[in-house]
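The values are calculated or read from the model by the stated rules, or taken from the named source; none is laboratory data. This is a predicted model, so every value here is computed, not measured. Here the Cβ is made from the backbone with ideal geometry for all residues, glycine too, and neighbour counts use every protein chain on show. The area values use the complete protein model at the heavy-atom level, side chains included, leaving out ligands, DNA and RNA. Shrake-Rupley method; radii C 1.70, N 1.55, O 1.52, S 1.80 Å.
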Amino acid sequence: MEDYFMDERFIERTFPVGRVSENSAREKNIRHGHISTLHIWWARRPLASSRATIYASLIPTASDGLEEVRVKRFIEELSEWENSLNQGMIERARRDIREYNGRPPRVLDPFGGGGSIPLEALRLGCETYSMDLNPVAVLIQKCTLEYPQRYGSSDSWSDSEPRLLRDVKRWGEWVLREAREELSRFYPEDDDGSIPAAYIWARTLPCQNPDCGAEIPLMRQYWLARKKNRKIALQPLVTGEGVEFEIVEDPDFDPSRGTISRAIVTCPVCGSTIPANDTRRLFQEGEAGERLIVVALTHPQRRGKTYRLATEKDLQAYMEAQEYLEKKRDELMDQWGIDPVPDEEIPLMSGTFNVPIYGLDTWGDLFNARQKLALITFTEKIRQAHQKMLGEGYPEDYAKAVVTYLAFLLGKLSDWNSRLSRWRPEQERGEGTFSRQALPMIWDHAERNPFYGKLFSTGAIGRVIENCSRIPRLDWFKPIPEVVQGSAVSLPFDDEYFDAVFTDPPYYNNVPYADLSDFFYVWLKRALGDFYPDLFLSPLTPKKQEICEMKSWDKKRYAYKDRAFFEENLKKSFREIHRVLRPGGIANIVYAHKTTHGWETVINSLLDSGLVVTASWPIFTEQKHRLRAQSSAALASSIYIVARKPDFEKSTGYYEEVLGELKEVLGEKLDYLWGEGISGPDFFIAAIGAGLEVIGKYSEILKYNGEVVRGSRLLDDIRAVAADFAIRRILDNGFAEGLSSLTRFYLFYRWNFGNSSVDFDEARKLAGSLGIDLQNTRSGFIRIQRGKVTVLGPDKRGEDHDTTELIDALHLAARLWSQGRREELQDLLLETGYGTDEKFYRVAQAIIEFLPDCKEKQWLEGLIVNRDTMIKTLKEKTSQKTLRDY
């Protein structure tokens with residue numbers, strides 16, 4: 001390939017992966033002023049990695065090694081949360097970017113989502129544009145990017161409170177005050193002044209035993225408080241009238257075992273069970289009820305919470321709220337022309353939305369009567385606040401901005417106060433509906449008092465407004481970022497309009513954004529629909545054009561949105577990115593899909609788009625103990641792919657030459673990443689990213705005979721280079737020589753996936769990189785079942801061991817050690833020769849380091865703990881045997 005002369009950016013040469021990863025992962029625990037507290041959005045990119053990669057993409061490469069070290073140190077400090085509003089650091093970063101580019105670069109994020117990436121582009125002084133198809137995401141971005149810049153403080157670094165913040169506080173307090181005046185009677189205080197903080201409810205079903213018929217409260221557990229020095233629980237009591245409760249401290253029974261698990265109900269009166277299918281049927285037939293069981297109380301003059309059983313007075317207050325709801329609902333329907341309680345249907349989505357199975361068919365069904373009343377009343381007050389603002393002479397656009405933030409408080413209220421909000425005894429509070437990216441059925445829930453605590457407080461939103469308002473404006477150039485609703489496959493911008501594109505596209509079916517956001521959309525539509533008619537044209541969020549593989553979630557609605565649909569539209573979006581970039585422009589594309597098929601799509605899409613990949617960096621952006629990752633071989637990192645729109649014609653690459661280039665580039669890049677501490681599946685994905693730096697330079701790759709080489713073949717080559725590199729490093733180079741393919745596969749599998757099961761195709765490709773045909777390999781440690789591959793340790797596999805294989809001999813040795821069969825162990829190690837072979841112990845030690853605490857790890861640790869003594873003993877026995885033979 002001919003040399004090309006695009007200016008090289010800092011990120012294309014080097015990047016401080018380690019420290020930026022640390023700051024990105026740490027950011028997950030930061031709440032004060034972080035945009036994640038503005039409104040829920042799923043899979044937001046960390047601000048730290050966004051800020052660092054954008055800056056490194058918009059400055060030139062260092063002129064020498066000393067400058068490179070200085071710039072890397074600056075990027076590390078710049079990525080710290082504490083420096084996001086450090087005036088000196090941000091101004092320096094802006095100056096560096098402006099001096100290099102001659103003006104503020106024009107930047108786009110076509111998949112803006114929760115707004116992290118465009119916010120950091122704005123912070124760094126770029127002329128920022130952001131897009132999303134989803135109306136909820138568009139509103140989040142307006143409140144993050146546009147409104148704080150348009151209506152925030154004129155002096156960005158001033159400590160004075162921005163007008164926007166003052167008005168959001170003022171009108172938030174007005175809405176809360178008005179709603180409290182109307183609704184507080186439905187949350188009555190106790191005679192001693194105690195305030196109800198939460199009401200704990202349980203669904204009920206009638207026992208299906210004809211000799212019993214008791215009303216069964218469906219409770220997954222009975223804990224109310226479960227802290228180190230505070231244990232309080234409900235104790236069920238069987239009486240002649242059914243199941244009653246008492247509240248006990250330091251219970252002498254197990255409160256973690258309730259009456260229902262996995263939809264199977266156990267009657268506490270007669271002990272009979274209701275199968276899961278019957279439970280669902282009874283809910284659908286309307287046989288389920290609800291029972292108010294406990295009230296959690298707080299007192300202005302006492303710390304902590306107290307608990308008491310619900311009374312007739314509590315139930316009466318709820319019934320009065322239910323009656324008032326019916327009246328108010330009719331009145332507001334006449335005024336608004338729409339049912340104030342969302343009547344839009346909830347779809348049944350496998351593994352995500354299962355509540356329709358239990359008769360919760362509309363979004364309004366996710367709330368009990370008093371919760372509905374609270375939500376429609378707060379919605380009404382928000383709309384009234386807008387009218388009062390106009391009456392006071394507020395400009396219409398400004399009043400719309402203020403009321404949008406108030407509507408986000410409605411989102412918080414709906415999230416934390418639904419019939420899917422669990423009670424968390426370890427924290428003594430209710431949990432948000434979206435503790436997971438799903439709407440699973442919840443049997444017992446906590447109804448919050450909206451006037452207690454900070455459920456409708458402007459505090460968190462106010463801190464976001466304050467932080468975003470302190471970002472300096474570009475008054476002299478283009479002061480206000482532009483947020484657009486639209487599809488990434490058809491960008492509403494001219495050719496060559498942008499200097500840079502920074503974005504995080506969707507990954508197949510990882511997150512069903514549109515369906516999840518309907519939970520909030522239906523309430524936002526009722527509060528803001530008149531102010532944003534273009535965003536709320538449809539009953540629910542637009543889904544037809546959303547780039548997401550949805551067929552696996554819902555085959556009925558999304559039959560057309562299969563893998564091919566996703567891949568074709570991802571390619572279109574990459575082509576659009578290429579179209580709107582100026583020649584020589586730069587793009588950062590974040591990708592985190594863990595399957596090799598997903599990466600094949602990225603490789604082929606980038607090759608087809610015309611972009612040239614020039615660098616890639618794995619950045620740890622996820623918490624290591626995410627709920628979805630606890631029992632899977634999930635990635636902890638995202639790959640930031642750096643690409644350019646070449647100002648030259650891409651040429652054809654020839655496979656035989658590209659392969660040599662791949663080995664050279666991968667060797668250098670993998671050595672750097674190894675030193676940065678990248679390991680396991682993240683290392684392999686990082687290798688793919690590094691391979692893209694070579695592959696992406698060519699318009700197409702051909703063999704000398706003219707055959708086109710596509711992504712799958714190139715991935716096999718990358719995988720083989722990475723596997724060989726990793727095995728050598730794992731075993732300190734020289735010790736990797738002479739290891740069989742099966743032993744290498746076992747090591748590399750454990751290094752990549754620990755003791756998790758993986759899809760057959762993933763394991764097959766991993767095995768293929770080591771020269772193993774997984775489908776036709778018969779080994780005692782490989783189990784293939786239902787499309788999944790599990791690599792079995794010595795504690796799980798059968799007795800078939802081929803002791804000519806090092807890994808089989810190691811497994812048998814570990815089993816013999818665990819059973820105390822020392823003589824047989826010595827005989828095995830002596831006969832195979834592995835007992836005095838350093839490779840045997842290096843492999844054992846490597847596996848120990850890869851595994852979590854488990855039997856295999858314990859057995860191997862026990863086996864090699866006295867290896868020096870064992871080696872000495874075996875050498876003596878070998879010597880004695882040799883003498884006898886002589």
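Using the Cα gyration tensor of the range 539-594, with a ≥ b ≥ c the square roots of its eigenvalues, what is the shape: rounded (a/c below 1.5), prolate (a/b larger than b/c) or oblate (neither)? Prolate. To the nearest 10, the accessible area of Asp343 is 80 Å² with a 1.4 Å probe. Among Ile848, Leu825, Ile871, whose Cα lies farthest out toward the positive end of the dipole of the range 774-886, if unit charges sit on the beta carbon of Lys, Arg (+1) and Asp, Glu (-1)? Positive-end residue among those listed: Ile848.
A dipole drawn for the chain from +1 and -1 charges on Cβ atoms has a positive end, and of Trp423, Ala56, Ala687 the residue lying farthest that way is Trp423. Among Ile200, Ile40, the sequence by solvent-accessible area, most first, with a 1.4 Å probe is Ile40, Ile200. Taking a ≥ b ≥ c as the square roots of the eigenvalues of the Cα gyration tensor of the range 51-107, is the shape rounded (a/c under 1.5), prolate (a/b larger than b/c) or oblate? The shape class here is oblate. Estimated from helices alone, the mean residue ellipticity of the chain at 222 nm is -13500 deg cm²/dmol (sum of -39500 (n - 2.57) over DSSP H runs with n ≥ 4, per residue). About its Cα centre, the dipole of the range 88-222 is roughly 840 debye, where the only charges are +1 on Lys and Arg Cβ and -1 on Asp and Glu Cβ.
When only the Cβ of Lys, Arg, Asp and Glu is charged (+1, +1, -1, -1), the dipole of the chain relative to its Cα centre reaches about 1000 debye.
Packing, taken as the mean count of other beta carbons within 10 Å per residue, orders the peptides 642-650, 98-106, 127-135, 417-425 from highest to lowest as 127-135, 417-425, 642-650, 98-106. Near Phe283: Cβ cut-off under 13 Å, other residues only, Lys/Arg at +1 and Asp/Glu at -1. The net charge is -2.
Taking 7 Å steps out from each Cα toward its Cβ at Glu246 and Ser699 produces label points 8.5 nm apart.
Dipole of the range 361-440 computed with +1 at Lys/Arg Cβ and -1 at Asp/Glu Cβ about the Cα centre; of Ala438, Met389, Leu406, farthest Cα towards the positive end is Ala438. Computed from the Cβ-Cβ distance with R0 of 41 Å, the FRET efficiency linking Ala720 to Thr37 stands at 0.35. Applying 1/(1 + (r/R0)^6) with r as the Cβ-Cβ distance of Asn776 and Arg557 and R0 = 41 angstrom yields a FRET efficiency of 0.55. For the chain, pairs of C-alpha atoms spaced more than 45 angstrom apart make up 39 percent of the total.
Spin-label model, Gln785/Asp334: points 7 Å from Cα along the beta carbon direction are separated by 6.5 nm. A Cβ-based charge dipole, computed about the Cα centre of the range 726-798 with Lys and Arg at +1 and Asp and Glu at -1, lands at about 180 debye.
The phi-based Karplus calculation (6.51 cos²θ - 1.76 cosθ + 1.60; θ = phi - 60°) puts the 3J(HN,Hα) values of the range 745-757 at 4, 4, 4, 5, 4, 4, 5, 7, 10, x, 10, 7, 8 Hz, whole numbers, x for Gly and Pro. If the limit is 31 Å between Cα atoms, which of Lys142/Lys454; Lys142/Lys669; Lys551/Lys857; Lys571/Lys669; Lys227/Lys412 go over it? In this structure, Lys142/Lys669; Lys551/Lys857 lie more than 31 Å apart at Cα. Cβ screening of the chain for cysteine pairs under 4.7 Å finds these without a partner: Cys126, Cys143, Cys468, Cys548, Cys854. Taking Lys and Arg as +1 and Asp and Glu as -1, the other residues whose beta-carbon sits under 13 Å from that of Lys328 total -4. Computed packing ranks the peptides 50-60, 692-702 as 50-60, 692-702, most packed first, by mean other Cβ atoms within 10 Å. Each of the peptides 15-23, 165-173 was scored by the mean count of other Cβ atoms within 10 Å over its residues; in descending order, highest first, they stand as 15-23, 165-173. For the pair Asp868 and Glu77, a Förster radius of 45 Å applied to the C-beta separation gives a FRET efficiency near 0.45, rounded to the nearest 0.05. Compactness of the range 111-236 was expressed as the Cα radius of gyration divided by 2.2 N^0.38 Å, which yields 1.80. With each label point set 7 Å from Cα along the Cα-Cβ vector, what nm distance links Arg180 and Asp759? My value for the distance between the label points is 5.3 nm. When DSSP beta bridges are restricted to pairs lying wholly in the chain, around 75% turn out antiparallel. Other residues with beta-carbon under 12 Å from the beta-carbon of Gly115 carry, at +1 per Lys or Arg and -1 per Asp or Glu, a net charge of -1.
Taking 0.36 nm per residue of sequence separation and removing the Cα-Cα distance, the Gln437/Ser160 pair yields an extension gain of 95.9 nm.
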